[in-house]
């Protein structure tokens with residue numbers, strides 16, 4: 001591998017020639033996808049070493065914030081969705097019931113936007 005001005009190029013071993021300068025890829029583009037995964041793994045290690053625990057809600061239920069959905073009632077904030085999954089064991093079941101595979105809110109559950117999502121509100125929404 002040949003490093004030039006923050007870019008790299010591999011030597012073409014099969015032909016014995018070096019790739020042209022126009023085919024250089026910025027080093028940042030190559031390392032960016034890697035650093036996110038490494039940073040996530042390191043934060044999990046630090047989390048475990050510090051003895052931290054994820055926050056768990058004592059009672060199942062979460063607020064269906066309209067800011068987390070787009071105009072078609074599709075989840076736009078994946079971080080929020082992950083936090084809701086992890087905050088109580090029952091939340092995963094609720095989320096899988098009210099959202100389809102594309103993370104769009106199913107029609108019967110639209111009245112839940114801006115309110116509490118729990119077992120009783122889901123049943124009430126289904127009754128119409």
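Would you tally the residues in the range 101-119 being in contact with a strand residue (DSSP E or B) (Cβ under 9 Å, 6 or more places away or on another chain) and surrounded by fewer than 16 Cβ atoms within 10 Å (Cβ to Cβ)? Residues that pass the stated criteria total 8.
It is to be established whether one or more residues within the range 85-106 are outside any helix (DSSP H, G or I), more than 16 Å from the chain's Cα centre (by Cα) and modelled with pLDDT under 75. Within the range 85-106 (the criterion being outside any helix (DSSP H, G or I), more than 16 Å from the chain's Cα centre (by Cα) and modelled with pLDDT under 75), the answer is no, since none of the residues qualifies. A single member of 8, 57 is over 30 Å from residue 87 (Cβ atoms), in contact with a helix residue (DSSP H, G or I) (Cβ under 8 Å, 6 or more places away or on another chain) and either modelled with pLDDT under 75 or not in a helix (DSSP H, G or I) (or both), and it is 8. Of the residues making up the range 22-52, those that are modelled with pLDDT under 65 and either within 30 Å of residue 122 (Cβ to Cβ) or loosely packed, with under 10 Cβ neighbours inside 10 Å (or both) number 1.
The values are calculated or read from the model by the stated rules, or taken from the named source; none is laboratory data. Since this is a predicted model, take the numbers as computed values, not measurements. Because the Cβ atoms are built from the backbone with ideal geometry, glycine has one as well, and the counts that use them run over all protein chains shown.
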